[in-house]
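A.B. asks: What follows is a single structure, and I will ask about it in a moment.
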Amino acid sequence: MGTHSNFAAFPGRYPATRLRRNRHDDWTRRLVAENTLTVNDLIWPVFVVEGTDQTQEVASMPGVRRFSVDRLSEAVGRAVELGIPAISLFPSIDPALKTPDGREASNPDNLVCRAVREIKAAHPQIGIMCDVALDPFNSDGHDGVVVDGYVANDLTVEMLIRQAVNQARAGCDLLGPSDMMDGRIGAIRQGLDEAGFQHVRLISYAAKYASAFYGPFRDAIGSGGALKGDKKTYQMNPANSDEALRECALDVAEGADMLMVKPGLPYLDIIRRVKETFGLPTTAYQVSGEYAMIRAAADNGWLDGEAAAMESLMAFKRAGADAVLTYFALDVAQRLKTG
Ligand code: PBG
């Protein structure tokens, strides 16, 4: 590049500091980058459905599919090849198996457990995370047991312990309680330890907000139509931030190994506060609605979807996240590999 003469603009007093110098070319920009995104930062959420030979597209999440158990090894194989460290399984349960107490969650042969065993056998090197919450199994679409119109905390925690131990027994490595009941991290930790699963890690959805951005996910697992009311008596109010730190403090004291903030992009301030306050491995969930917004705009030609996805993931890193659950995981890993 030639000389850029500015003497007409700054006669005799050029600015001493020109921040544009460090942005001058690609190698300088790479050299001074403060954050990096790598494949090691990604967790891929995977939807599982009953049946055989199924790969169903989720209508509200173009590009995202539900896989039947027999198609999972192939799908997860791609994640393994790309070097993605972990996947997170979400089952879409047959409505006939849903009950008010969500007891299918503790059936050793339920869809999640079969999926875990299938993946463990085919790909022992990838980490398997499972949600701990009753919504996929509950006929009211709630994360817990509804008694007189209210999600009963302590009764739900008992069911969650059973669900957690059941999933650990199937081979799950990392359990993510996403139910927001009080006291569940300590209770689940105790339950796992008593059952001999000391090594199974807990990633607590500690700061989980009552969010409109979960809409497409509820379609994907088929809990949306069933949901009676909303989840505001257990998920957090989007107006609150100090409360997120109280949630995290309890979960850390009760034995959480990692913390999660959810949703992601609208809550970057919470990620930053959580990381700075506790210093635990902190993850963010770029949820279904965040994915759907970027995809919808990209599919309409309104923005460059790939660039927007990469930028949003870098924003999580900048905010302090150590890892991100994202439906873009496969595309992003591919892009990071090929450059
Ligand atoms: C339920 C659960 C939800 C998500 C993950 N686990 C939805 C909810 O709380 O209703 C949402 C994830 C997404 O939107 O991508 N325990």
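Values quoted throughout were computed directly from the atomic coordinates according to the rules given, and no laboratory measurement underlies them. Keep in mind it's a predicted model, so treat the numbers as computed, not measured. In this analysis, Cβ positions are derived from the backbone assuming ideal geometry, glycine residues included, and neighbour counts consider all displayed protein chains.
A.B. asks: Might you report the magnitude of the Cβ-based charge dipole of the range 198-256 about its Cα centre, with Lys and Arg at +1 and Asp and Glu at -1, to the nearest 20 debye?
C.D. replies: On the way: 7 positive and 7 negative charges, 45 e Å.
Here the size comes out at about 220 debye.
A.B. asks: Right, next: Karplus couplings for the range 276-293 from phi (6.51 cos²θ - 1.76 cosθ + 1.60, θ = phi - 60°), rounded to Hz, Gly and Pro as x?
C.D. replies: 5, 6, 10, x, 7, x, 10, 10, 10, 10, 7, 7, 3, x, 5, 4, 4, 5
A.B. asks: Further question on the same structure: Tell me which lysines have Cα within less than 23 Å of Lys317's Cα, excluding those fewer than 8 residues away on the same chain?
C.D. replies: Lys208, Lys262, Lys275, Lys337
A.B. asks: Right, next: Taking the beta-carbon count within 10 Å as an exposure proxy, list Val147, Val252, Val261 from fewest neighbours to most. Spell out each step's value before the answer.
C.D. replies: Working: Val147 12, Val252 19, Val261 29.
If I rank by nearby Cβ atoms, fewest first, I get Val147, Val252, Val261.
A.B. asks: Per 0.36 nm of contour for each residue apart, how much would the distance between Lys337 and Asn22 grow if the chain were fully extended, relative to their Cα-Cα spacing? Walk me through the numbers before you get to the answer.
C.D. replies: Working: separation 315, 0.36 × 315 = 113.40 nm, distance 2.56 nm.
Length gained between Lys337 and Asn22: 110.8 nm.
A.B. asks: Can you show me the helix-derived [θ] at 222 nm for the chain, built from DSSP H runs with n ≥ 4 at -39,500 (n - 2.57) apiece and divided by the number of residues, rounded to the nearest 500.
C.D. replies: Estimated from H runs of four or more residues: -11500 deg cm²/dmol.
A.B. asks: Can I ask one more? Across the range 196-213, in residue order, what do the Karplus-derived ³J(HN,Hα) couplings come to in whole Hz, using 6.51 cos²θ - 1.76 cosθ + 1.60 with θ = phi - 60° and x for Gly and Pro?
C.D. replies: Karplus values, whole Hz, x for Gly and Pro: x, 10, 4, 8, 6, 8, 10, 10, 8, 6, 6, 10, 10, 9, 6, 10, 6, 6.
A.B. asks: While we're here: Where is the GNM fluctuation largest for the chain (alpha-carbon springs, 10 angstrom cutoff): Arg29, Arg218, Arg13?
C.D. replies: So, out of Arg29, Arg218, Arg13, the one fluctuating most is Arg13.
A.B. asks: Only Cα pairs under 8 Å and at least 6 apart count here; give the relative contact order of the chain as a rounded whole percent.
C.D. replies: Numbers: 621 pairs, mean separation 59.2, N = 339.
Rounded, it is 17 percent for the chain.
A.B. asks: Calculate the FRET efficiency for Phe10 and Glu194 from the Cβ-Cβ distance with a Förster distance of 56 Å, rounded to the nearest 0.05.
C.D. replies: 0.20
A.B. asks: Would you kindly state how much longer the chain becomes between Arg29 and Ser241 on full extension, computed as 0.36 nm times their sequence separation minus their alpha carbon distance, in nm to one decimal?
C.D. replies: That works out to 72.9 nm of additional length.
A.B. asks: A further question follows. Under a crude label model (7 Å from the Cα following the beta-carbon direction), how far is Leu303 from Thr36 in nanometres?
C.D. replies: 2.6
A.B. asks: Using Cα positions and a limit of under 15 Å, work out the aspartates and glutamates in reach of Lys228, with same-chain residues fewer than 8 apart set aside.
C.D. replies: Answer for Lys228, where 15 Å is the Cα cut-off: Asp101, Asp135, Asp140, Asp143, Asp148, Asp219, listed by chain and number.
A.B. asks: Separate question: Would you please calculate the Kirkwood hydrodynamic radius of the range 87-158 over all C-alpha pairs and express it in Å, rounded to one decimal?
C.D. replies: 13.0
A.B. asks: Let me ask something else about it. Between the range 203-219 and the range 263-339, what is the C-alpha centre distance in whole Å?
C.D. replies: Each part's Cα centre sits 15 Å from the other's.
A.B. asks: In addition: Using only the alpha-carbon atoms of the range 35-338, report the extent along each of the three principal axes, biggest first, to the nearest angstrom.
C.D. replies: 48, 47, 37
A.B. asks: Fewest Cβ neighbours within 10 Å first, please rank Lys262, Lys232, Lys120 accordingly. Don't skip to the end; give the middle numbers.
C.D. replies: Working: Lys262 24, Lys232 10, Lys120 15.
In increasing order of surrounding Cβ atoms, one gets Lys232, Lys120, Lys262.
A.B. asks: For the range 253-339, take N as its residue count and report Rg(C-alpha) divided by 2.2 N^0.38 Å.
C.D. replies: Working it through for the range 253-339, the quotient is 1.15.
A.B. asks: Still on this structure, please answer the following. Please work out how much length the chain gains when fully extended from Tyr150 to Arg272, using 0.36 nm per residue of separation minus the C-alpha to C-alpha distance, in nm with one decimal.
C.D. replies: Computed gain between Tyr150 and Arg272 is 40.7 nm.
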